[in-house]
Amino acid sequence: MGPQNEIVIVGADNVLSSSNLLTIDTANERIGIGTSSPSVKLDMVGEASGETQIRMAQHHNGSDGPDIRFFTSRG
């Protein structure tokens, strides 16, 4: 058994392995990529130039592209 909230991966031939690539902080409802202690809801940390990026791709014959939507509310 590994650390709390460890990600378990089922690989080839159903071999189990674990990864610290993604951290889930269930107590504070946070996800970390590249960090074991996320300080906000989605916390990404990269150590190399150009490593910390968000990339979205959509492949089809239509004219629209992928969407990112931000919402806020008051009250």
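Any read-out appearing in this document is the output of simple, stated calculations on the displayed coordinates, not a laboratory observation. Everything quoted here is computed from the prediction, not taken from an experiment. Cβ coordinates were reconstructed from backbone atoms using ideal geometry, including for glycine residues, and neighbour counts include every protein chain displayed.
A few comments on the model shown:
Okay, residues lined up against (1) closer than 20 Å to Glu6 by Cα; (2) touching a residue at least 12 places away in the same chain (Cβ under 8 Å):
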site	(1), (2)
Asp25	yes, yes
Asn28	yes, no
Gly32	yes, yes
Thr35	yes, yes
Ser63	no, no
Pro66	no, no
Arg74	no, no
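- Residue check for Ser18: outside any loop (DSSP other than H, G, I, E, B) and of a type outside the set (Asp, Glu): yes
- Subset of region 21-42 [surrounded by 11 or more Cβ atoms within 10 Å (Cβ to Cβ), among the β-branched types (Val, Ile, Thr) and part of a loop (DSSP other than H, G, I, E, B)]: Thr35
- Within the set Ser18, Ser73, the sole residue that is of a type in the set (Ser, Thr, Tyr) and surrounded by 10 or more Cβ atoms within 10 Å (Cβ to Cβ) turns out to be Ser18.
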